[in-house]
Structure formats: structure tokens, C-alpha cells
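Taking it in order: structure first as C-alpha cells, then the write-up.
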Amino acid sequence: MSMSITNSLSANRGIFTADENAMIDKLLGCGQDHLFSSWPAPGTDDDDKRRFLAQAAVCDAGYPGGIAQYVANAKKLLQDSKEGVNPFDGWTPAVPDGIVVEYASKEHVELESEGMREVGSAAFVLVAGGLGERLGYSGIKVELPCERSTDSCYLQLYIQSILALQQRSAGEMPAHRSAKDVGIPLAIMTSDDTHAKTLDLLERNDYFGAKKEQVTLVKQEKVPCLTNNDAHLALKDADPYALQTKPHGHGDVHALLHTSGLLDRWSAAGKKWVVFFQDTNSLVFRVVPGALGVSKQKGFVFNSLCVPRKAKEAIGAITELTHTDGRKMTVNVEYNQLDPLLRATINKDGDVNNDKGVSPFPGNINQLIVSLEEYKTQLAKTGGQIEEFVNPKYKDASKTAFKSPTRLECMMQDYPKSLDASACVGFTVFDNWVGYSPVKNSPADGVGKFEGGNPTHTATSGEMEFYGCAAKVLELAGAEMAAPVDFSANDIVVPSGPKVVLHPSFACTFEELKGKAGKGLKVTSASSALIVEGAGVKIESLELDGALVIKACPGAFVTVKNLKVSNKGWRFEKCGADAPEIDRLRGFVIEKDETEELVFDQPGAYTVP
Ligand code: UGB
């Protein structure tokens, strides 16, 4: 520590509390003297100095082991990065074996019924702390409508899906439920970027029908940025009393579930599983019951949901890694690391498609199911700390200076790296159409993906795939659906068939759905729209060419028999650059010319017509 810092700091010491002084000691103890080098004498900027120490204390408390540990980890990772240490040195990748489930197959139906027996013992965790920079939306992603036909937003779809599962599983809930038990809990990880807006969305919508106590928000803190290989923390250019901070990644969710006490609470309430999912995948609940069935049947302590992956697609690849010393693990290799790893080991061409047009490595969609008891025990040992990485952009080949401050990051799918080799880790593959349709990319990036023959993962594809999945599920149940036609918006082309929305209340599993709709349902035009809401709706025979909405409140049992609906229906029209942001993201608006509406808002038994 230089003399002048010692002097200016010593002079300031008297104005701080014991805790504030302890924070200063912590920072000095891990080589952060520079933070105080321009502090003026006491009497000047004292409130700003306290503000700085308060922010440092938040960062300290938000990181397992505190700032000192963060700096120590950073020094090691920055050193490795400078020396070009390959994190996969000694590891050889191979295509792993996993459980491949064909939706609607006999095996799938059995897995779903097994999963439905377990789902009352599950807790759900939504990671929604990301800014969604790739999408470029100004709000939070979970408030985006997943489709414009009903305008249900992602958070609404998720909560209503959980409530539907809860309603089906009421008889399967742990026997020792107490009056305080809130059913199937949902935790949402937010960040400073998303917290207030997420809370506001919930409050404004009365928690979308969930009990307030059922939903817990846990906020991740950002981590300090680093200016050099000595892991010096960065101050903001415009404010010498504020640390520059950035998100630490979705891996924070593990430490937060541990420190918040949620895992203990869930365990005490008899929960057995924790199901993680991301902010914009409208299809996730179609595959949760089956995947939970796989976890139960195979005894997986960790189960990643996967889809077939196109080479170079921005989703991680599940890979079996074998070390020269004999160690073996099946883990996610992130999309930017797979290509160099393959080139350096088993395939000079890197991340390329096989003769079936897909990467041989299944794609991780970060929908993860963990077994609570083992998870809780493991986190008690590790504090939830997840292997981190750093990705500095260097100014030149000397690798001594960064273009801009960097930070450590971690990913939630890396949790199994902390498990013993004997842990039962597995994965479950479903087809893309039924399990994965995220909205991550801006319209402009979508065009690039489209031109490269890759999934666009835009709001345009997200909406059409949501309808397409429901239509295909009905088809598998025996319905006749008009074939999709090409639909173009925002300079990409997506298949567009009947616009089918099956509200989560309608059916939770394929078997349940098949008992309510399938044979006898005929949708004769790709432009038709069919919206069905309510557990009591049963479609025995219906022919549709146009738009039909059927809504039944809880307790209303509606049988649709010999109904023929033909009307002008809805048009999906391109929108202009002056349209509201939500419309511009998908590139179209819906013009509802004519709709047949069958609404039953009183319990009872009805037959239509
Ligand atoms: N998220 C947080 O909650 N906090 C954070 O600090 C960061 C993110 P992205 P990413 O399914 O397509 C992941 O940015 O990280 C939330 C997997 O790593 O959308 O590029 C955020 O709100 C990858 O293996 O994705 O890639 C969102 O809900 C692959 O599975 C979630 O974390 C890929 O997702 C994911 O954040 C995919």
C-alpha cells in the first residue's frame, strides 16, 4: 500500500462505522488499494464514500466467500486465460447415450403418468435475471406475449401451467401437507435489471391466479468488473465512488436457492424435485411431465432436457468427456467451446452436422430437473458455488490489457461438474417441435440465422411454433389439421398452420388431451384459429374453417358435438416500422374479422350446439 493511500485512508477511518472499516480492510486485504487512491480528506464526499462501501458490502454478501474469494478466483482464471490454458485439456469428447423420448408414444404416455404422480412433489424455478440483449426488447422478457391470439405473456403461461399441474396432482401431494402449504411453489430468480418489473407484472395481475406466498422472488447480485490480470476492481468512469458491475450468469441460481433457505423449506414441505426453466420457452410444460417421469424411473439426480441440435446453433451440447487419467463425465459444453474442442480432438471439421442434418451432440435447452435431497446435501457442501469462467477481450497479443473491464461468469447447467463421478446424471431428448421454441433473437439476427438454415428463435418463430405444436399434438391425438403454409414476416419464412391455443387448464398430458380432443376434430384451413380454455371442454365432433373460441370456467363441462363453424376468421398481416415494439418484434398483427365465441362462465353441464 503506498504512503499517500495510507495517509488519506487513515485520515478517513474515523468517519466510518466498524462495519465500514471492516469492508475497507477486506478490500485492502485482497489488493484493491487503487480504489481509495483518489479519496479526498474527511469532510469531502463523505456520503459518496459511504455509498461506495455500501455497494461493496452488497457485492461481498452476494458472492459465496465474499469479494476476497471473488478476487482470488478471478486472479487464477485470468492467469489461466493469459497462459491459454485449455479448460478441456486432457479431455476427449464422445457422443453420450441418453433417453430419447418420442412424444405421444406408448413409452411417453407411461412416463407422463409416472411424472404426474411426482409433480405434486416438485418445485419450479424460473431464471429470469437476464437482460435479453440479443432480443433487444426494452422490457422484461417474461412480460412478452408468447402469442397474440390470447395475448398471454410468458409468466402467465408458466404460472397457469403450474396451477394446472397442481390441480391434477392434488391427490398426489405429500401426505403431511399443512395448512400453510402453498401447493407447487415457484421461485423466480431476478436481477437488478428485471426485479422491479417482474414484481410489478405479478402484482398488477394478481399473481396470475397463484397464491402470493406460492411465488418467491430471489434476486441475484451483479459481480464487480475487473480491469487487469491482477483482478483490480473497476470503478465507473463517471463515478469514482461506484464499482462497475455486470451479471454473473444464471449459475447464481444454485447459491441463491441455498442461501435463501428455499431448499430447506421445500424439503420440509415434502418436495422431492426442483425443475429449472428459462424465460422464453413456451413449450417447456409440454415435456415436463414426461421428463419428470424419466428422472423418477432412472433415478437421475440431474436430468437435462435436450433437443436435436443443429451444428453451430447457440445452444450448449451435451457431451461425454473422458480424461486421459480415466475420469469421465457427461456435461454441457457451451456452444462457443464445442467447435475448438472437437477440432483439437476427434474431428478436424469441428462442430458440423451429420448425414441426418443435425449435430451428433444433443442440444441442452437448460430445462433441468434435480432431485431435491441430493441437491440440498450437495449445496450444503459447496454453498452453491459453480465453476466459473472468464472471457476477457485483450487489447493485444501480450494479453496484459483488456479492451473493456471483464468479469467472472457461471452457468446453471455446470452444476453436475461438482458431483462425484458416481452421481446418476442423465439427459432426456425430445423433438424440437414439442420442447423448445425460445425467443432470444432480434428480427435482424433472425434473418441471419434464417439465411444460414438455422432456427431463428425470434418472436415470429416463437408464436408460429407455439400454435404449430398444439396443432401437431391434436393431430397425434387423431384430429385432421390443414397442412401449414409458408408465412413471411420480418424477412424470414416460417410454417404457419391452424393457430391453435390450448390453455394450460385444458390438459397437462398427452393422454388427458387425447381424451378431450382428437378424432372427430377437423380444421380445414391453415388460416383457422382455435382457442380452447377449461379442463371441462370435450370436443367430440367439430369442423372448423374460421375462428372459434371455447372457454369453460372451472366446473363447466362442455361437450362439443356435431358443430360446424365457418366464418371469416382472423388474418395475420405484416406490420410496419411504426407499429408498437411488441408487434415489430414479430413483424405481424392479427386482424380479427369474425370469431365464434362459446363462453361458459357458470358451472354446469352443456352440449354444443
Ligand atoms: N439469466 C439469468 O437469470 N441471469 C443471468 O445472469 C443470465 C441469464 P440466455 P445463454 O437454451 O438456448 C443458455 O442469455 O446463457 C437467465 C445456455 O447456457 O437466454 O446464452 C435468462 O433470463 C445454453 O447452453 O441464454 O444460453 C434466461 O432465462 C443453451 O441452453 C436464461 O438465464 C441456451 O441457454 C438463459 O439466458 C438455450
### Task
Name the long-range amide H neighbours of residue 552: under 5 Å, sequence gap of 5 or more, or other chain; modelled H, no Pro or chain starts.
533, 534, 600
### Range of Cα positions in the chain per principal axis (Å), largest first
90, 56, 55
### Query
What nm distance separates the two modelled labels at residue 382 and residue 328, each placed 7 Å from Cα along Cα→Cβ?
2.1 nm
### Message
Need one number: the % of Cα-Cα pairs in the range 1-110 sitting beyond the 19 Å mark.
### Response
62 percent
### Percent antiparallel among DSSP beta bridges (both partners in the chain, rounded to 5)
45 percent
### Helix axis angle, 195-204 relative to the chain longest principal axis, alpha carbon, degrees
30 degrees
### Query
How big is the range 454-608 on each of its three principal axes, counting only the C-alpha atoms and giving the largest first in Å?
48, 28, 26
### Task
Compute the FRET efficiency between residue 238 and residue 336 as 1/(1 + (r/R0)^6), taking r as their Cβ-Cβ distance and R0 = 35 Å, and round to the nearest 0.05.
0.65
### Query
Just going by the charge dipole of the chain, with Lys and Arg at +1 and Asp and Glu at -1 on Cβ, which of 460, 28, 338 is farthest out on the positive end?
338
### Task
For helix 106-118, report the angle its Cα long axis makes with the longest principal axis of the Cα atoms of the chain; keep it between 0 and 90° and round to the nearest 10°.
60 degrees
### Task
Can you work out the accessible area per residue across the chain, with the rest of the protein chains kept in place, probe 1.4 Å, in square angstrom?
42 Å²
### Summary
Per-residue ellipticity at 222 nm attributable to helices in the chain (runs of n ≥ 4 DSSP H, -39500 (n - 2.57) apiece, nearest 500 deg cm²/dmol) works out to -9500 deg cm²/dmol
### Summary
the range 88-435: spread of alpha-carbon positions along the three principal axes, whole Å, largest first, is 64, 53, 45
### Task
Please report, as a whole percent, how much of the solvent-accessible surface of the chain comes from carbon and sulfur atoms (probe radius 1.4 Å).
50 percent
### Task
Given the peptides 329-335, 148-154, 503-509, arrange them by the average over their residues of other C-beta atoms within 10 Å, most packed first.
503-509, 329-335, 148-154
### Query
What are the lysines whose alpha-carbon lies under 21 Å from the alpha-carbon of residue 310, with same-chain residues fewer than 8 places away excluded?
348, 356, 440, 449
### Message
Using a 1.4 angstrom probe on the protein heavy atoms only, could you order 595, 458 from most to least accessible area?
### Response
595, 458
### Message
Once R0 is set to 51 Å, what does the formula 1/(1 + (r/R0)^6) return for the Cβ-Cβ distance between residue 10 and residue 538, expressed as a FRET efficiency to the nearest 0.05?
### Response
0.05
### Summary
So the angle from the long Cα axis of helix 66-82 to the longest Cα principal axis of the chain, reported in degrees to the nearest 10, equals 90 degrees
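The values are calculated or read from the model by the stated rules, or taken from the named source; none is laboratory data. As the structure is a computational prediction, the values presented were derived from the model and not from experiment. No Cβ is skipped: glycine too gets one built from the backbone with ideal geometry, and neighbour counts run over all protein chains shown. Just the protein is used for accessible areas: all its heavy atoms, side chains included, with ligands, DNA and RNA removed. Shrake-Rupley method; radii C 1.70, N 1.55, O 1.52, S 1.80 Å.
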